[in-house]
Each structure stands twice: as C-alpha cells, then as structure tokens.
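Presented below is the structure to which this report refers.
The values are calculated or read from the model by the stated rules, or taken from the named source; none is laboratory data. Remember, predicted model here, so these are calculated numbers, not experimental data. Methodologically, a virtual Cβ is constructed for each residue, glycine included, from the backbone with ideal geometry; neighbour enumeration extends over all protein chains shown.
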Amino acid sequence: MTIHLPDCPLCAAQDENILWQDASCRVIRVADPDYPGYCRLIWKSHVAEMSDLTPAEQLHCFKILMGVEVALRECFQPAKINLASLGNMVPHLHWHLIPRYREDRHFPQPIWGSARPEIQASPAPAVDDARLAVAIRNAIAEQLAG
C-alpha cells in the first residue's frame with residue numbers, strides 16, 4: 001500500500017527533473033551547479049528507513065541505487081561516488097548520489113560541509129539530462145535483469 005503525507009515534500013514530485021521512475025521510486029537530477037551529476041533516488045511511498053521496506057522492496061531499491069551509481073560513474077568518471085541516506089530534515093526514504101572529484105569545492109569533506117574557498121567551479125564534465133537518463137535507464141535495466 002502506498003502512503004503519502006500531504007506535508008511531506010518528497011511524497012509527490014514537485015518541480016523535479018525526473019530522469020527515471022517506476023511504481024516504487026523515482027530518480028531525479030538535483031540542480032546544483034557545484035555538483036552537476038548529483039542525483040536523488042526517492043522512494044514514492046512515505047517510509048523513513050530502508051528497514052521499513054519488505055525484503056523484496058529493499059532489493060529493488062538497492063538495484064536502482066546501484067544502477068544509478070553505475071550510470072553516474074560512466075557519464076561523469078568521478079574519483080568517488082558518495083551515497084547518503086540521511087533523512088534528518090525530511091524523514092522520507094531517499095538516497096543522495098553525488099559524483100565527487102578531488103578538485104571539487106568540498107573534497108574530501110561531505111558536500112554539506114565547509115567549501116574550500118580557493119575552488120570556484122566544478123571539474124565535472126558536462127552531461128545533459130537526455131544522456132544521463134539513457135545511461136540510468138540502461139544501467140537500471142541491467143541491475144534488474146541480474
């Protein structure tokens with residue numbers, strides 16, 4: 001059963017750049033000029049933790065997460081992908097997927113930390129939404145098939 005809360009900003013898509021979705025979750029591109037490959041996987045039903053999902057849902061979510069990570073690595077070739085599921089501000093299950101570069105504004109700290117003032121621009125390659133969406137779709141299809 002899908003549960004949506006009217007005051008939760010993640011229960012329903014709101015001005016999101018959706019790159020991929022199915023009945024359970026959606027993958028959006030976050031508009032962040034410092035981190036152009038930044039994506040978020042959002043579980044559609046209002047739950048707070050991965051352990052709130054059934055084992056089959058947990059596996060599905062993990063396969064989507066891995067598919068997006070594979071696509072981000074392919075498209076952006078970062079030094080590292082940061083995965084974070086915090087939910088402290090919005091207790092709705094979602095994952096942050098952030099390509100990181102040794103030359104980015106916060107490396108090696110989390111992107112929510114203090115920026116290095118000497119870094120002004122992202123070193124990430126330019127990848128448009130269409131290319132990223134195709135890469136995500138293909139990588140998720142491989143994850144779900146395996």
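Points worth noting:
- In segment 14-35, the residues that are among the hydroxyl-bearing types (Ser, Thr, Tyr) and within 14 Å of residue 140 (Cα to Cα): 24
- Inside segment 23-68, residues that are among the acidic types (Asp, Glu) and either in contact with a helix residue (DSSP H, G or I) (Cβ under 8 Å, 6 or more places away or on another chain) or modelled with pLDDT under 95 (or both) make up a count of 2.
- Some residue of segment 92-101 being modelled with pLDDT under 95 and closer than 18 Å to residue 10 by Cα: yes
- Conditions (1) acidic (Asp, Glu); (2) without any contact (Cβ under 8 Å) to a residue 40 or more places away in the chain; (3) under 23 Å from residue 9 (Cβ atoms); number of the one not met by residue 49: (2)
- Selected residue (criterion: nearest to the chain's Cα centre (by Cα)) from residues of segment 11-22 that are at pLDDT 90 or above and part of a loop (DSSP other than H, G, I, E, B): 16
Per-residue answers, yes or no, for (1) of a type in the set (D, E, K, R); (2) within 15 Å of the chain's Cα centre (by Cα):
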| residue | (1), (2) |
| --- | --- |
| 100 | yes, yes |
| 103 | yes, no |
| 106 | no, no |
| 109 | no, no |
| 121 | no, no |
| 125 | no, no |
| 132 | no, yes |
| 135 | no, yes |
| 145 | no, no |
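- Any hit, segment 47-63, residues being over 19 Å from residue 144 (Cβ atoms) and within 10 Å of the chain's Cα centre (by Cα): no
- In segment 27-146, counting only strands (runs of 3 or more DSSP E) that sit wholly within it, none holds 1 or more residues that are surrounded by 20 or more Cβ atoms within 10 Å (Cβ to Cβ) and on the phi > 0 side of the Ramachandran plot.
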